[in-house]
Amino acid sequence: MSIVLTEFARSRLFPREPRRNTIQDCTPEAFERHLNTVPPLKVLDGYAPFCKLHVHRNWTSTRCLAVPITDENRHLLRSDYEARTTDELPVLVRWFEGIEPPVAKYLIPILYSREQLAREGTRIDADWGVVGCMYTMEPEETPMAPITMMRNALGVEEGGSGVPIDRAAYLRSVEFWRTHANWRG
């Protein structure tokens, strides 16, 4: 099994202008090398048959991305309409500013099959391509954000994968993201 970083993931996980809420102390090349040489602790099924999640112990100083919302930090929440790429429509997002989350215990790369990536217009020379990564305290998936599920249901033309919304998964996601937010540093 071979794994590569997609350009979509590379720009988000390893931006030109380093940010504190992206992968730390690791180059994109070293990240790929690690995924191809160190077996994951476990492999989780993703939201569709073409998606797998590889659970790795965090070998970097990368911090957890999702943080619980409390009465003490609620005033640090921010929101705006943003698009992940120039081809996508902006959607409402929220995040914390001015907090210091703990170092994550696990990095969980999100992998799409070569066939699915080709369907979405991305060609790779590997079996799997990294499209994102979760930074967590538990070796489990952080629920996909509700807006990401909606974008996926809109189809490839709108930056999604074409997978319809699973109502039960959507409601579980709402429960999690109602009480958590990402952060930016």
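Residues are listed down the side, and each one gets a yes or a no for (1) in contact with a strand residue (DSSP E or B) (Cβ under 8 Å, 6 or more places away or on another chain); (2) of a type outside the set (S, T, N, Q); (3) under 30 Å from VAL38 (Cα atoms):
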| residue | (1), (2), (3) |
| --- | --- |
| GLU88 | no, yes, no |
| VAL91 | yes, yes, no |
| ARG114 | yes, yes, yes |
| ARG178 | no, yes, no |
| ASN182 | yes, no, yes |
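Yes/no per residue for (1) modelled with pLDDT of 95 or more; (2) open to solvent by 30 Å² or more (accessible area, probe 1.4 Å):
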position	(1), (2)
PHE8	no, yes
ASN21	no, no
GLU29	yes, yes
VAL43	yes, yes
ALA48	no, no
CYS51	yes, no
ARG57	yes, yes
ASP80	yes, yes
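Given THR62, THR37, THR86, which one is of a type in the set (S, T, N, Q) and under 17 Å from the mean Cα position of the chain (by Cα)? Explain how you work it out, then say what you get.
On the way: THR37 fails: under 17 Å from the mean Cα position of the chain (by Cα); THR86 fails: under 17 Å from the mean Cα position of the chain (by Cα).
Within the list THR62, THR37, THR86, the selection yields THR62.
Of the residues that sit in segment 59-78 and are of a type in the set (Lys, Arg) and more than 25 Å from VAL38 (Cα to Cα), which one is surrounded by the fewest Cβ atoms within 10 Å (Cβ to Cβ)? Outline the logic, then answer.
Quick first cut of segment 59-78, residues of a type in the set (Lys, Arg) only: 63, 74, 78.
Next, only the ones that are more than 25 Å from VAL38 (Cα to Cα) stay: 74, 78.
Working: ARG74: 10, ARG78: 13.
Going through the qualifying residues, I end up with ARG74.
May I ask you to list the residues in segment 61-86 that are among the polar types (S, T, N, Q) and in contact with a strand residue (DSSP E or B) (Cβ under 7 Å, 6 or more places away or on another chain)? Once the filter is applied, which keeps residues that are among the polar types (S, T, N, Q) and in contact with a strand residue (DSSP E or B) (Cβ under 7 Å, 6 or more places away or on another chain), segment 61-86 yields SER61, THR62, ASN73, SER79.
Do the conditions hold for VAL43, that is, is it within 19 Å of PRO143 (Cβ to Cβ) and free of Cβ contacts under 8 Å to residues at least 40 places away in the same chain? Here the answer is yes, as VAL43 does meet what is asked. Listed by position, the strands (runs of 3 or more DSSP E) inside segment 1-91 whose residues that are within 27 Å of ALA118 (Cβ to Cβ) and among the β-branched types (Val, Ile, Thr) number at least 1 are 3-5, 42-45, 51-57. Within segment 10-19, being open to solvent by less than 100 Å² (accessible area, probe 1.4 Å) and free of Cβ contacts under 8 Å to residues at least 12 places away in the same chain holds for SER11, PRO15.
The values are calculated or read from the model by the stated rules, or taken from the named source; none is laboratory data. This one's a predicted model, so the numbers in the text were calculated from it and none came from an experiment. Ideal geometry is used to build each Cβ from the backbone, glycine not excepted, and the neighbour counts take in all protein chains shown. Note: areas computed on protein heavy atoms with side chains; ligands, DNA, RNA excluded. Shrake-Rupley method; radii C 1.70, N 1.55, O 1.52, S 1.80 Å.
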